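The values are calculated or read from the model by the stated rules, or taken from the named source; none is laboratory data. Since we're looking at a predicted model, the values are computed, not measured. Here the Cβ positions follow ideal geometry from the backbone for every residue, glycine too, while neighbour counts run over all protein chains shown. For accessibility, only protein heavy atoms count, side chains too; no ligands or nucleic acids. Shrake-Rupley method; radii C 1.70, N 1.55, O 1.52, S 1.80 Å.
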Amino acid sequence: MNDFNALLTRSFAEAHDEPADDGFTVKVGHTVARQEFANKIRNTAYATGMAAAGACILYGAYTFAGAFGQDFLATAGLEVARAHGAMSSAPTVSIAAQGLLQSLGAGMTQILLITGVLAGGAVAYRSVQE
Amino acid sequence: MASRGLINLAQATEAALIVAAQARDQAAFSELVKRRQGWARALLRKMCRSHAEADDLAQEAFIKAWDRLRDLETPAAFPGWFRRIAVTTFLMAKRKQKAIFEEIDDASPIASEDSTPEAAAGAKIDLEKALARLSDAERLCVTLNHGEGLSHSEIVDITGLPLGTVKSHVLRGTEKLRRMLEPAT
């Protein structure tokens, strides 16, 4: 068996049957070039998608700020003042807590809207990434 | 400029070609393929039963190498690194075909068609014909062991097969080859 192992190893070493380049290199080169071209297109589409998603988020935020920004700031300011007033002038803790809850409830619409916009933006960003 | 580039590529060392290919130079990679295609195709031809299949797998292996070339730490490690890719490509193809554990138990001696005194003396054996009659796993392990000079543990490392399985494939494959190639009396 050991003799045969040696013969086998020698036979593998002597089997110089490397095939000639019959267009193999050219075929691989073409495939690589095609793949690189496809990658470039994919990267460009990715960058375009990311830019579009970013623009959508910015536009949404800008529109939102234009439509509700002033309202929101005014309401938020008012609610903060009310909350502060309720806490500082409340005779008991329960009345102060009630005022704070009322303030939070009044500002909740805006908070939900902002959360919605941020979540929408995150979803758009993620779908573009995928 | 292009002709100067061609001259440079033709004269470049393999290490320089690998470094250039790692920087996504397609021409350098083509030159590397040109220099290594014979070795890679011969290796896969020993593992596969058909030359066409081996060449397809070699092409796939080179494309994978192009994609992963940045992972190669030193150019000197290229042959071993590429051999691993070639073996993995072969194994994946066989797993897709669900053929890796196919057993071929035909170990009848191969009748020599063109018997010469040299062949009769056992100086050279028709390896390709005999290897084609082994199972895929046996052929892979015998080729890596006797053809590429890898130890059992190195084969385990490349193929992911358990050590006992590798030893068994090498032993059984070698024994089958011995029975097939022993001189007909």
> Taking residue A:27 and the conditions (1) part of a helix (DSSP H, G or I); (2) at pLDDT below 85; (3) charged (D, E, K, R), which numbered condition does it fall short on, given that it satisfies the others?
Replying inline: (2)
>> What's the total number of residues in the stretch B:135-157 that are surrounded by fewer than 21 Cβ atoms within 10 Å (Cβ to Cβ), in contact (Cβ under 8 Å) with a residue 24 or more places away in the chain and more than 14 Å from residue A:5 (Cα to Cα)?
In response: 1
>> For the stretch B:93-121, which positions are surrounded by 11 or more Cβ atoms within 10 Å (Cβ to Cβ) and modelled with pLDDT of 75 or more?
In response: B:93, B:94, B:95, B:97
> Taking the stretch B:158-185, which residues are of a type outside the set (Val, Ile, Thr), loosely packed, with under 13 Cβ neighbours inside 10 Å and more than 14 Å from every other protein chain (Cβ to nearest Cβ)?
Replying inline: B:160, B:162, B:163, B:164, B:184
>> Can you tell me how many residues within the stretch A:1-24 are on the phi > 0 side of the Ramachandran plot and in a helix (DSSP H, G or I)?
In response: 0
> Which members of the stretch A:8-32 meet the condition of being over 18 Å from residue B:58 (Cβ atoms) and either of a type in the set (Lys, Arg) or open to solvent by 30 Å² or more (accessible area, probe 1.4 Å) (or both)?
Replying inline: A:9, A:10, A:13, A:14
> Do we have any residue at all in the stretch B:70-87 that's closer than 21 Å to residue A:34 by Cα and surrounded by 22 or more Cβ atoms within 10 Å (Cβ to Cβ)?
Replying inline: no
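To keep it simple, each residue is scored yes or no on (1) in contact with a strand residue (DSSP E or B) (Cβ under 9 Å, 6 or more places away or on another chain); (2) in a helix (DSSP H, G or I); (3) among the aromatic types (Phe, Trp, Tyr); (4) more than 8 Å from chain A (Cβ to nearest Cβ).
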residue	(1), (2), (3), (4)
B:20	no, yes, no, yes
B:33	no, yes, no, no
B:37	no, yes, no, no
B:49	no, no, no, yes
B:57	no, yes, no, yes
B:70	no, yes, no, yes
>> Can you find a residue that is at the interface with chain B (Cβ under 9 Å from one of its Cβ atoms) and either surrounded by 11 or more Cβ atoms within 10 Å (Cβ to Cβ) or closer than 30 Å to residue B:144 by Cβ (or both) anywhere in the stretch A:47-57?
In response: no
> Which is modelled with pLDDT under 95 and either at positive phi or within 16 Å of the chain's Cα centre (by Cα) (or both), of B:54, B:21, B:76?
Replying inline: B:54
>> Out of A:72, A:64, I need the residue that is over 23 Å from the mean Cα position of the chain (by Cα) and either part of a helix (DSSP H, G or I) or at pLDDT below 85 (or both). Which one?
In response: A:72
> With B:67, B:71 as the choices, which residue is under 24 Å from residue B:161 (Cα atoms), more than 11 Å from the chain's Cα centre (by Cα) and at pLDDT below 95?
Replying inline: B:71
> Do we have any residue at all in the stretch B:122-129 that's at pLDDT 90 or above and either buried (at least 18 other Cβ atoms within 10 Å of the Cβ) or within 13 Å of chain A (Cβ to nearest Cβ) (or both)?
Replying inline: no
>> With the structure loaded, tell me whether residue A:103 is at pLDDT 70 or above, of a type in the set (S, T, N, Q) and within 30 Å of residue A:44 (Cα to Cα) or whether it fails that test.
In response: no
